[in-house]
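What follows is calculated from the coordinates using simple rules that are stated; it is not laboratory data. Since the model is a prediction, treat every value here as computed from it, not as a measurement. When we count neighbours, we look across all protein chains shown, and the Cβ atoms used for this are built from the backbone with ideal geometry, even at glycine.
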Amino acid sequence: MGRIRAIMKRCLPQSVIQLLKRSQLRFRLNDHDWYEDKERFEFLRKALITLKFNGIDGDYAEFGCYGANTFRMVYRILSKYSYDVGPFHLWAFDSFEGLPGTSDAKDEHPEWVKGRMTISLKLFNELCRASGIPGNAYTAVPGLYDQSLAPAASGPRPEKIRLAYVDCDMFTSTSAVLSFLMPRLQHGMILAFDDYYCYSATLPSGERLAVAENFRDNSDWRLVPYVQFGWHGMSFIVEATNEANFAPNR
Ligand SMILES: C[S@@+](CC[C@H](N)C(=O)[O-])C[C@H]1O[C@@H](n2cnc3c(N)ncnc32)[C@H](O)[C@@H]1O
């Protein structure tokens, strides 16, 4: 694969390579990555249009940001197409130290290894800048979720969210994110879970279990299945079951 890329780089003029790189999807020759990116991009595009069409406003919040791949897609969709989605701030929540350690069996997964997917906040900011995301378009909040998302945590936090993208892999991390999101749920918003179909081979676990535990007996909110993306991700529209939650600007 590397050889084909090298040959193409030699044969194609720089301007074409730049154009390909700037095109809607990243220029890759790896089929697997291409399909995964394409489906995620398509999901995000559909979700943002759905939210706009239905008059759901608020920010974009991503929990688990690593290479800023999803983050950059969201910004690209918003800046490339004239969706006119109104005021829209992006939030990036990450330890910027990779996956945390855990002793909870519900986190069990061969790929969830402490320290994996580490990116520094500096590099994350550089990736955003290289993709044209201005500093005032987003807020990055570093720290482990049990601290950065705790009710007593200091610093600004999003109050109204229209699209939350949960990509932190593990049960405990997703549970912390959902505790943070619960008082911020609004009717019609979309919740996406990048690792919904990633689970332990021996017991119920991961993002799906965290969702089930938080919404199973919830008398205020239910989740309406929305779009599956890739082999791993699933999204839901939040629906109020309690009349009080329909109130505008709650
Ligand atoms: C799969 S990566 C995210 C990929 C990213 N959405 C992208 O598109 O490039 C998972 C991220 O979740 C973060 N993470 C997982 N659990 C966390 C926790 N409890 N607190 C803070 N960050 C966490 C890791 O640091 C890692 O960057």
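Rounded to the nearest Å, what's the spacing between the alpha carbon centres of region 133-199 and region 76-120? Just the number, please.
Result: 9 Å between the Cα centres.
Before rounding to the nearest 500, sum -39500 (n - 2.57) across all DSSP H runs of length at least 4 in the chain and divide by the residue total; then give [θ] at 222 nm in deg cm²/dmol.
Mean residue ellipticity at 222 nm (helix-derived): -11000 deg cm²/dmol.
What is the dipole size for the chain, taken about its Cα centre, with +1 at each Lys and Arg Cβ and -1 at each Asp and Glu Cβ, in debye to the nearest 20?
1360
With 10 angstrom as the radius, rank 70, 241 by how many other C-beta atoms surround their C-beta, starting from the fewest.
Least to most surrounded, the residues fall as 241, 70.
How far is helix 2-11 tilted, in degrees, relative to the longest principal axis of the Cα atoms in the chain, given as a value from 0 to 90 rounded to the nearest 10?
For helix 2-11, the angle is close to 50 degrees.
Full extension from residue 241 to residue 224: what is 0.36 nm times the residue separation minus their Cα-Cα distance, to one decimal in nm?
Stretched fully, the residue 241-residue 224 segment lengthens by 5.0 nm.
Can you list the residues of region 59-92 with backbone N under 13 Å from a point 7 Å past the Cα of residue 121, pointing along Cα to Cβ?
Answer for region 59-92: 92.
Which residue, chosen from 175, 161, 113, occupies the Cα position most advanced towards the positive end of the dipole of region 30-246, where the dipole is computed from +1 (Lys, Arg) and -1 (Asp, Glu) charges on Cβ about the Cα centre?
161
If you rank 96, 193 by fewest surrounding Cβ atoms within 10 Å, what's the result?
Going from sparsest to densest Cβ surroundings: 96, 193.
Under a plain spin-label model, where a point goes 7 Å from the Cα along Cα-to-Cβ, how far apart in nm are residue 153 and residue 81?
3.0
Let's see if you can work this out: charge +1 on each Lys and Arg Cβ, -1 on each Asp and Glu Cβ, no other charges. What is the dipole magnitude of region 97-200 about its Cα centre, in debye to the nearest 20?
460
Can you sort 177, 211, 113 from fewest to most other Cβ atoms within 10 Å of each residue's own Cβ?
113, 211, 177
Under the 0.36 nm per residue contour assumption, what length would be gained going from the current alpha-carbon distance of residue 184 and residue 137 to full extension?
14.9 nm
Measure nothing but the geometry: give the 0 to 90° angle between the long axis through the Cα atoms of 69-80 and the longest principal axis through the Cα atoms of the chain, rounded to 10°.
Between helix and principal axis, roughly 80 degrees.
So how tilted is helix 206-215 from the main axis of the chain? Cα-based, degrees 0 to 90, rounded to 10.
So the inclination is approximately 30 degrees.
What percentages, rounded to whole numbers, describe P(r) for the chain computed over all alpha carbon pairs with 5 Å bin width beginning at zero?
1, 6, 12, 17, 19, 18, 12, 8, 4, 2, 1, 0, 0
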